[in-house]
Amino acid sequence: MTKLIIILAAQIILLAAVASAGDFARTTYQKHPIINKMEKLTHLRFYWHDSLKGRNPSSVMIQQPVLNSTLFGSITMTDDPLTTDVPKNSTVVGHAQGIYAGAAQGEIGYLMVLNVAFMTGKYNGSTIAVLGRNTPYSKVREMPVVGGSGMFRFASGYVEARTKLADYESGVATVEYNCYVWHY
């Protein structure tokens, strides 16, 4: 029991240290007790830039909503750039490719199905798969990481999303993503 408490305390301290990091990515290591491999916790922070209008939109609604007030039934295909900072012209590290579909009738809530595809640096060619519920008017949203590829094989974890900019008139949004991913 004491050993378990010490391990849990160490993980909490480790997560707090990782969460306070200002870098794009930070990795810590922990040996898996059963399969005898080092499991890593990587914290990634990037900014998702969604654009529904203009000359070159990064997202396109492919199915119109059944209920306009909540966007229920809408399906939007996306290939949004991911950057290291809030301004859209900051360094692009990858793309969020997938769909988000209006899945709630009583509020605006999406089913998010995204591959976070990294295209630079040490994670180039690797992906993280995100599948979950996103209510964009909530201050913080959590979505599960359900898998990955490349350096993120066997990935699990979660994503916290926080809207930094939302201009519904122009169809532009910028969302901060903090990903906490366990992988080997």
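The values are calculated or read from the model by the stated rules, or taken from the named source; none is laboratory data. The structure displayed is predicted, hence computed values, not measured ones. Quick reminder, even Gly has a Cβ in these numbers, built from the backbone with ideal geometry, and neighbours come from all protein chains shown. Ligands, DNA and RNA are stripped out before the accessible areas are found, and what is left, the full protein with its side chains, is counted by its heavy atoms. Shrake-Rupley method; radii C 1.70, N 1.55, O 1.52, S 1.80 Å.
What is the residue count in the stretch 168-184 for residues that are part of a loop (DSSP other than H, G, I, E, B) and either open to solvent by less than 20 Å² (accessible area, probe 1.4 Å) or touching a Pro at 6+ places or on another chain (Cβ under 6 Å) (or both)?
1
Can you pull out the residues in the stretch 73-132 that are hydroxyl-bearing (Ser, Thr, Tyr) and touching a Gly at 6+ places or on another chain (Cβ under 8 Å)?
Selection gives Ser74, Thr78, Tyr110, Thr120, Tyr123, Ser126, Thr127.
Just the residues that are open to solvent by 50 Å² or more (accessible area, probe 1.4 Å) and either without any contact (Cβ under 8 Å) to a residue 12 or more places away in the chain or hydrophobic (A, V, I, L, M, F, W, C) (or both), please, taken from the stretch 148-167.
Scanning the stretch 148-167 gives Met151, Phe154, Leu165, Asp167.
Residue check, Val145 against (1) free of Cβ contacts under 8 Å to residues at least 40 places away in the same chain; (2) within 14 Å of Val175 (Cα to Cα); (3) part of a strand (DSSP E or B); (4) open to solvent by less than 40 Å² (accessible area, probe 1.4 Å), all met but one. Which one?
Unmet for Val145, out of (1) free of Cβ contacts under 8 Å to residues at least 40 places away in the same chain; (2) within 14 Å of Val175 (Cα to Cα); (3) part of a strand (DSSP E or B); (4) open to solvent by less than 40 Å² (accessible area, probe 1.4 Å): (2).
Of all residues in the stretch 58-71, which are modelled with pLDDT of 95 or more, open to solvent by less than 80 Å² (accessible area, probe 1.4 Å) and of a type in the set (A, V, I, L, M, F, W, C)?
Passing the criteria: Val60, Met61.
Could you give me the residue pairs with C-beta distances under 7 Å whose first residue belongs to the stretch 107-130 and is within 19 Å of Val175 (Cβ to Cβ) and in contact (Cβ under 8 Å) with a residue 12 or more places away in the chain, whose second residue is open to solvent by 20 Å² or more (accessible area, probe 1.4 Å) and part of a helix (DSSP H, G or I) wherever it lies, and which are 6+ apart or on separate chains?
Filtered contacts from the stretch 107-130: Thr127/Gly150.
Sort through Arg55, Arg45 and tell me the only one that's out of contact with any helix residue (DSSP H, G or I) (no Cβ under 8 Å at 6 or more places or on another chain), open to solvent by 20 Å² or more (accessible area, probe 1.4 Å), within 18 Å of Gly157 (Cα to Cα) and among the basic types (Lys, Arg).
One residue alone meets the criteria, Arg45.
Can you find even one residue in the stretch 77-91 that is among the basic types (Lys, Arg), out of contact with any Leu (no Cβ under 9 Å at 6 or more places or on another chain) and within 19 Å of Ser59 (Cβ to Cβ)?
Checked the stretch 77-91: at least one residue is among the basic types (Lys, Arg), out of contact with any Leu (no Cβ under 9 Å at 6 or more places or on another chain) and within 19 Å of Ser59 (Cβ to Cβ).
Exactly one condition in (1) open to solvent by 70 Å² or more (accessible area, probe 1.4 Å); (2) in contact with a strand residue (DSSP E or B) (Cβ under 6 Å, 6 or more places away or on another chain); (3) not in a strand (DSSP E or B) is false for Ser90; which is it?
(1)
For residues in the stretch 73-87 being assigned to a loop (DSSP other than H, G, I, E, B) and open to solvent by 10 Å² or more (accessible area, probe 1.4 Å), which is nearest to Ala101 (Cα to Cα)?
Step by step, filter the stretch 73-87, then rank; the result is Gly73.
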